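Scroll down for the structure; my scribbles are underneath it.
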Amino acid sequence: MTKELVDIPDIEVKKVKSNLTQEDVNELFEYRDGDLYWKIDIFTGKNNSVHIVKIGDKAGCIANDRKKNKQYKVVRYDGKIYKISRLIFLLFYNYLPECVVYKDENTLNTKIENLIEANRSQTNYRRKLPKTNTSKIKGVRFYKASKKYRAYITKNGIKNHLGTFNTIEEAYRVYLDAKEKYYGKFISKCNI
């Protein structure tokens, strides 16, 4: 039994306030092939006696996000930590979206052509298969009690049940149709 796919409009990508402006980022960094390089010297210590950053040094380091099991390029400036991908996006587009995602899903590839804006629903769509999924296929769960497969998709934080099916193939086909309807535009942006 398949449910009719209702129209769920995309949530507009929110622009968020940044501590740094495009001008700040442009004064601090030079962009080269997916990386940022310092345009300023930075000193620390008593009487600014220790030279910690020199003009031309590559900015940042790689940080581990243990919750998401991912690595990101980050840079510390003025006591705050910034994701380099977000600074590069701000540098090129003069605004910061709620989320910046990586077309190729490689969080260390911060080339501008690999970065796109997204809303929370779109970033959640790209999440990996949950460990609790009993079918081992995204968008499909197996229910022991009924011995049937249920197709579902989540958009804008709402889980939409798409129907119950006798085979995993039927349920997955319905999920793929819903995925195309609800995320097709975003998916086409992500394809490289």
Qualifying residue in region 153-160 (condition: within 30 Å of Leu28 (Cα to Cα) and of a type in the set (A, V, I, L, M, F, W, C)): no
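Within region 46-60, which residues are open to solvent by less than 80 Å² (accessible area, probe 1.4 Å) and assigned to a strand (DSSP E or B)?
Filtering region 46-60 down to residues open to solvent by less than 80 Å² (accessible area, probe 1.4 Å) leaves 50-51, 53, 56-57, 59-60.
Correct list: Val50, His51, Val53.
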Looking only at region 134-156, and only at residues there that are within 21 Å of Ala118 (Cα to Cα) and touching a helix residue (DSSP H, G or I) at 6+ places or on another chain (Cβ under 7 Å), the one that is surrounded by the most Cβ atoms within 10 Å (Cβ to Cβ): Ile153
Residue within region 37-45 that is out of contact with any strand residue (DSSP E or B) (no Cβ under 7 Å at 6 or more places or on another chain), open to solvent by 60 Å² or more (accessible area, probe 1.4 Å) and at pLDDT below 95 present: no
Verdict on Glu169 being open to solvent by 20 Å² or more (accessible area, probe 1.4 Å), modelled with pLDDT of 90 or more, over 29 Å from Lys17 (Cβ atoms) and over 18 Å from the mean Cα position of the chain (by Cα): yes
Residue that is modelled with the lowest pLDDT [pool: residues in region 121-148 that are among the aliphatic types (A, V, I, L, M) and assigned to a strand (DSSP E or B)]: Ile137
Neighbours by Cβ (under 6 Å, 6+ apart or cross-chain): first from region 62-84, of a type in the set (Gly, Ala, Ser); second in a strand (DSSP E or B): Ala63/Tyr72; Ala63/Val74
Residue within region 125-145 that is touching a residue at least 40 places away in the same chain (Cβ under 8 Å), of a type in the set (Phe, Trp, Tyr) and under 22 Å from Asn69 (Cβ atoms) present: yes
Filter result (under 26 Å from Pro130 (Cα atoms) and surrounded by 12 or more Cβ atoms within 10 Å (Cβ to Cβ)) within region 66-83: Lys70, Gln71, Tyr72, Lys73, Lys83
Test: residue in region 149-160 that is in a loop (DSSP other than H, G, I, E, B), in contact with a strand residue (DSSP E or B) (Cβ under 9 Å, 6 or more places away or on another chain) and not hydrophobic (A, V, I, L, M, F, W, C): no
Criterion: more than 15 Å from Asp10 (Cα to Cα) and open to solvent by 70 Å² or more (accessible area, probe 1.4 Å) - qualifying residue of Lys131, Lys185, Lys159, Lys181: Lys131
Matching residues, region 105-128, being open to solvent by less than 60 Å² (accessible area, probe 1.4 Å) and acidic (Asp, Glu): Glu117
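Going through region 65-90 one residue at a time, which ones are part of a strand (DSSP E or B) and within 19 Å of Gly34 (Cα to Cα)?
The first filter runs over region 65-90 and keeps only residues part of a strand (DSSP E or B), leaving 65, 70-77, 80-83.
Of everything in region 65-90, those that are part of a strand (DSSP E or B) and within 19 Å of Gly34 (Cα to Cα) turn out to be Lys70, Gln71, Tyr72, Lys73, Val74, Val75, Arg76, Tyr77, Ile81, Tyr82, Lys83.
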Residue in region 91-102 that is free of Cβ contacts under 8 Å to residues at least 40 places away in the same chain, open to solvent by less than 40 Å² (accessible area, probe 1.4 Å) and in a loop (DSSP other than H, G, I, E, B) present: no
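The values are calculated or read from the model by the stated rules, or taken from the named source; none is laboratory data. The structure displayed is predicted, hence computed values, not measured ones. Note that we place each Cβ from the backbone using ideal geometry, even for glycine, and neighbour counts take in every protein chain shown. Side chains are part of the model used for accessible areas, which takes the heavy atoms of the whole protein and leaves out ligands, DNA and RNA. Shrake-Rupley method; radii C 1.70, N 1.55, O 1.52, S 1.80 Å.
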